[in-house]
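First the structure, in the form of structure tokens, and then the observations on it.
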Amino acid sequence: MGERLRNWAGNIEFGAARVHRPETVEQVQEIVARAERARVLGTGHSFNTIADTPEDLISVAGLPADIRIDEARRTVSVAGGVRYGDLARWLDAAGYALHNLGSLPHISIAGAVATGTHGSGVGLGNLATAVAGVEIVTGGGELVSLGRGDADFPGAVVALGALGVVVRVTLDVVPAYRMSQHVFEHLPRAQLDAHWDEIAAAGYSVSLFTGWAGDTVDQVWVKRRVDDAPAPGELFGAKPAGGPRHPIASMSPEHCTEQGGAPGPWHERLPHFRLDFTPSSGEELQTEYFVARADAPAAFAAVERVRDLVVPALQISEIRTVAADELWLSPHYGRDSVALHFTWVPNDDLVLGAVEALEEQLAPLGARPHWGKVFRQAPRYPRAADFAALAARMDPRGTFRNAFVERYVPAE
């Protein structure tokens with residue numbers, strides 16, 4: 001019996017017969033060359049079987065970070081298993097920054113990129129849009145490099161781990177910047193529809209938190225660069241919070257990033273949670289859907305039509321925006337998106353009932369799910385056939401295919 005691992009939330013037990021923790025790229029190549037079936041494990045912050053395999057599971061967390069700045073190209077090169085929060089601290093000390101971060105800084109770079117994970121901002125693409133190059137150990141154990149401008153590059157970034165082991169990622173960087181974070185409370189629900197575009201663009205990054213049960217949105221988190229205009233005194237009827245807040249009102253805000261307008265480094269304001277806080281496990285499930293940003297009011301109405309199923313399963317829901325991109329399997333491919341995120345209670349029956357109802361309501365809007373979270377319906381992507389062809393060329397033995405990939409991205 002091999003080592004049994006669970007994901008971050010504890011709802012998935014990986015079925016791998018063997019778990020590998022290589023410390024060099026050469027060791028990765030040797031493992032892959034011997035394997036019949038393999039998958040890659042990052043920080044385990046997924047809520048479905050995307051990383052599962054019955055055979056060889058490869059963790060890349062042990063590869064040396066080997067962070068390198070290219071000042072001429074304005075890029076940083078780093079091992080794929082490095083966490084965003086660790087890279088961010090290193091970059092900031094060197095005078096650089098990334099364009100955006102997710103709500104948790106604890107996630108690995110390669111894992112977040114592979115699933116189209118994102119932050120928020122009407123003009124900001126997901127984390128994968130900063131990728132300028134990748135190095136991948138493909139099915140035969142070969143090391144392949146792809147960069148922006150290569151014909152296959154748009155299919156090799158958000159790739160679900162189906163092309164191989166991403167051992168190194170090159171990211172665009174920008175000069176370091178400082179930000180502030182303001183929290184507003186009790187946004188009237190009617191104002192959300194009436195002023196959606198203005199609310200979504202109220203800061204560099206904006207997140208709205210709601211329980212979908214009442215006639216107000218609980219909180220609006222507005223993150224602004226310090227060189228932007230000052231934060232407003234109120235936001236369409238929402239008032240400034242009287243102190244620090246956690247997205248879930250009953251929980252302590254001590255582990256959240258600093259609020260109240262205090263300026264600080266970009267990497268200490270863009271995430272919702274501090275890097276030195278290790279998120280608890282086993283207490284939630286997550287689901288997220290993306291529709292065109294222009295369809296946001298229709299999407300809000302769709303959720304409210306099934307609130308009798310959503311609310312009992314819900315801890316909190318977050319609404320964010322993500323700019324369009326051209327990455328083939330990105331949930332934001334070809335359209336500016338609004339993200340509807342649901343943090344659920346850890347109850348499979350309640351959650352699956354809510355997920356099925358949401359998918360039925362959101363289907364007419366062309367909803368796409370987050371690849372790493374709980375969903376049922378297979379998404380439709382215009383470039384899915386191109387991706388299948390790319391996977392067949394880069395992994396002809398199907399080494400990195402698993403049941404998840406077969407179901408949602410079937411081979412040609």
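The values are calculated or read from the model by the stated rules, or taken from the named source; none is laboratory data. Here the structure is a predicted model, which means the values were calculated and not measured. Cβ coordinates were reconstructed from backbone atoms using ideal geometry, including for glycine residues, and neighbour counts include every protein chain displayed.
Okay, here's what the table says:
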item: Filter pass, Ser103 being under 14 Å from the mean Cα position of the chain (by Cα) and under 18 Å from Arg21 (Cβ atoms); result: no
item: Single condition Ala411 does not satisfy, out of (1) aliphatic (A, V, I, L, M); (2) surrounded by fewer than 18 Cβ atoms within 10 Å (Cβ to Cβ); (3) under 19 Å from the mean Cα position of the chain (by Cα); result: (3)
item: Test for Gly243: is it without any contact (Cβ under 8 Å) to a residue 24 or more places away in the chain, outside any strand (DSSP E or B) and in contact with a strand residue (DSSP E or B) (Cβ under 8 Å, 6 or more places away or on another chain); result: no
item: Contacts under 8 angstrom Cβ, first residue in region 384-398 being more than 16 Å from Gly141 (Cβ to Cβ) and part of a helix (DSSP H, G or I), partner among the charged types (D, E, K, R) and at pLDDT 95 or above, 6 or more apart; result: Leu390/Asp152; Ala391/Arg401
item: Residue count for region 25-56, restricted to those that are buried (at least 23 other Cβ atoms within 10 Å of the Cβ) and not in a loop (DSSP other than H, G, I, E, B); result: 6
item: Hey, Ala110 out of contact with any Pro (no Cβ under 7 Å at 6 or more places or on another chain), touching a residue at least 40 places away in the same chain (Cβ under 8 Å) and of a type outside the set (Val, Ile, Thr) or not; result: yes
item: Sole exception among (1) in a loop (DSSP other than H, G, I, E, B); (2) free of Cβ contacts under 8 Å to residues at least 40 places away in the same chain; (3) in the same structural domain as Val113 (by TED's automatic domain parsing) for Arg73, by number; result: (2)
item: Options Gly85, Gly42, Gly80, Gly95: the member that is on the phi > 0 side of the Ramachandran plot, outside the structural domain of Leu352 (by TED's automatic domain parsing) and in contact (Cβ under 8 Å) with a residue 60 or more places away in the chain; result: Gly95
item: Set Ala339, Ala357, Ala301, Ala292: member being crowded, with 20+ Cβ neighbours inside 10 Å and not hydroxyl-bearing (Ser, Thr, Tyr); result: Ala339
item: Long-range neighbours under 9 Å by Cβ, at least six apart or interchain, first residue touching a residue at least 12 places away in the same chain (Cβ under 8 Å) within region 123-135, second among the basic types (Lys, Arg) and surrounded by 20 or more Cβ atoms within 10 Å (Cβ to Cβ); result: Gly133/Arg168; Val134/Arg168; Glu135/Arg168
item: Residue under evaluation Ala88, criteria (1) in a loop (DSSP other than H, G, I, E, B); (2) over 23 Å from Phe375 (Cα atoms), criterion not met; result: (1)
item: Total residues in region 137-160, condition in contact (Cβ under 8 Å) with a residue 60 or more places away in the chain, under 28 Å from Pro271 (Cα atoms) and not small (Gly, Ala, Ser); result: 4
item: Flag if Leu163 is in a loop (DSSP other than H, G, I, E, B), crowded, with 23+ Cβ neighbours inside 10 Å, in contact (Cβ under 8 Å) with a residue 40 or more places away in the chain and in contact with a Ser or Thr (Cβ under 9 Å, 6 or more places away or on another chain); result: yes
